[in-house]
Structure formats: C-alpha cells, structure tokens
Amino acid sequence: MPKVLLASRNAGKLREFAELLPDLRWVPWPADAPELPETGAFFQDNALQKAEAARAWWREHGTEPVDGVLADDSGLCVDALWGGPGVLSARFAPDLPSYRERNARLLAMVPEDADRAARFVCVLAFAPMNGASSAVGGSVEGSLAFAPRGDGGFGYDPIFIPVGFDRTFGELPAEVKHTLSHRARACAALKARLDLS
Ligand code: IMP
C-alpha cells in the first residue's frame, strides 16, 4: 500500500483524503515543519509549488520513507466576486477568527440580487520521491446560499449548494459530498493518471 505525505495541515482536507483514497497510507505534514509556499497566480502553480517544496524538505528531514507527496490547492470561486476568493480562499478575511465569520463576510459582499453562481475547484499535485511531478484537477458547480447552513465539512461548505441539491455541503452527509465534490473528482483523475494501488 503506497505511503503518501500530505503537504497540508488542514484537518478537513486530511479527513477527506483518508476517506476518498482509503487505499493509501497517509503521513500528515508535521506540526514543526515549515509553512509551504503558495505564491502562484493559479491553483496549479500553488499545488505544484507545495508538493515540490514538501518533497525537498522531506528528503532532508523526513522521519519515514514515503512514496511521494500530494498537495491540494483548492478554493471557492464566486462569479459575483469575479472568481474570488479563488486562489486566495485560505487567506480571505484573515482578521476574522473562524469560518463562521468569514462565510458571513463573504455572503455580505454579494448583493442579494446578484448572480449567485459559484464553483469549488481543486488541483492536486503529486510529486513522487523518484520522478516528475504532475497535476490533475476537478470542480463542482453550484450556488451561494443566502445564509450559512449546516455544521458538516469545513471551510466554505456551509454556504455552497451544489447543482441538483437544495442543501449545502455543510448539510449534506460526507458520503454525498464525496460523490460529486471538486476534491472527489480530482482524486478520481489522480487515480486514473497514476497507479496508486
Ligand atoms: P489552500 O488550498 O491551502 O490554499 O486552501 C484552500 C481553502 O479553500 C481552504 O482553506 C478552504 O477555505 C477552502 N476550501 C477548499 N476546499 C474546500 C471544501 O471542500 N470545502 C470548503 N472549503 C474548501
């Protein structure tokens, strides 16, 4: 069973990868490891940057052998905000202490009569310990709720309603999110691209 270092400390992402790719053994990014750079303009730049920086660090400091490093760069793109917060989703409203407040601020930025179309995007970069890195992606279309709903998931899940549903990702069970989410679709593309079994 391949062992993969996840280049992220985001507990929500780690939980989802363990559920979406259960045939892999996961090593979380250690608490004392450096912050990974994400200075690119696009999800793909950041995913590759994080995967390759984590691989380089692990080569020097890793505590156990791994087969490769997976990095996820993802975010919520809102049409009424010209695609924002998009690649800056993790850095939106850093003055606010929690996603409850950040979700409320994001909704307040969208006029009530605006187009509420939005999508989640996820780009996954895999950097094998021996070999060239590559990236795949996935997205899910939907719309913004008028108020946060549900305690499930993480981040912007309580304000995103996927197309075909009337409940947010925060209200839908994880099993449902995993049938259609941006991350699930990117994981399916990753499995098709790489032999990770
Ligand atoms: P980054 O990929 O580390 O730059 O952070 C992505 C950010 O986008 C996360 O911290 C969340 O705020 C948001 N995000 C990405 N995927 C999801 C998701 O599945 N649900 C809710 N929020 C997400």
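What follows draws every value from the coordinates through simple rules; no lab data is involved. Just so you know, these numbers come straight off a predicted model, no measurement behind them. Here the Cβ positions follow ideal geometry from the backbone for every residue, glycine too, while neighbour counts run over all protein chains shown.
The table for this structure:
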| item | result |
| --- | --- |
| Residues that are over 15 Å from PHE154 (Cβ atoms) and surrounded by fewer than 18 Cβ atoms within 10 Å (Cβ to Cβ), drawn from segment 169-192 | GLU175, VAL176, THR179, ALA188, ALA189, LYS191, ALA192 |
| Segment 44-74, residues that are in contact (Cβ under 8 Å) with a residue 60 or more places away in the chain and in contact with a helix residue (DSSP H, G or I) (Cβ under 6 Å, 6 or more places away or on another chain) | VAL69, ALA71, ASP72 |
| The listed residue being over 30 Å from ASP67 (Cα atoms), within 11 Å of the ligand (Cβ to nearest atom) and among the hydrophobic types (A, V, I, L, M, F, W, C), out of LEU106, LEU144, LEU172, LEU124 | LEU106 |
| Filtered residues of segment 87-107 (kept if within 23 Å of ALA41 (Cβ to Cβ) and among the aliphatic types (A, V, I, L, M)) | VAL87, LEU88, ALA90, ALA93, LEU106 |
| Exclusive hit being out of contact with any Cys (no Cβ under 8 Å at 6 or more places or on another chain) and surrounded by fewer than 17 Cβ atoms within 10 Å (Cβ to Cβ), set ALA53, ALA125, ALA71, ALA80 | ALA80 |
| Residue satisfying all of: in segment 6-29; more than 24 Å from TYR99 (Cβ to Cβ) and assigned to a loop (DSSP other than H, G, I, E, B); nearest to the ligand (Cβ to nearest atom) among these | LEU21 |
| Condition met for VAL66 (away from the ligand (no atom under 11 Å from the Cβ), in contact with a Leu (Cβ under 7 Å, 6 or more places away or on another chain), part of a loop (DSSP other than H, G, I, E, B) and over 29 Å from LEU144 (Cβ atoms)) | yes |
| Filtered residue count, segment 147-168, keeping only those that are more than 13 Å from the ligand (Cβ to nearest atom), surrounded by 15 or more Cβ atoms within 10 Å (Cβ to Cβ) and of a type in the set (Asp, Glu) | 0 |
| Any hit, segment 174-191, residues being out of contact with any helix residue (DSSP H, G or I) (no Cβ under 7 Å at 6 or more places or on another chain) and at positive phi | no |
| The listed residue being within 15 Å of the ligand (Cβ to nearest atom), of a type in the set (A, V, I, L, M) and either in contact with a strand residue (DSSP E or B) (Cβ under 7 Å, 6 or more places away or on another chain) or assigned to a helix (DSSP H, G or I) (or both), out of ALA71, ALA56, ALA41 | ALA71 |
| Test: residue in segment 161-168 that is in contact (Cβ under 8 Å) with a residue 60 or more places away in the chain, aromatic (Phe, Trp, Tyr) and outside any helix (DSSP H, G or I) | no |
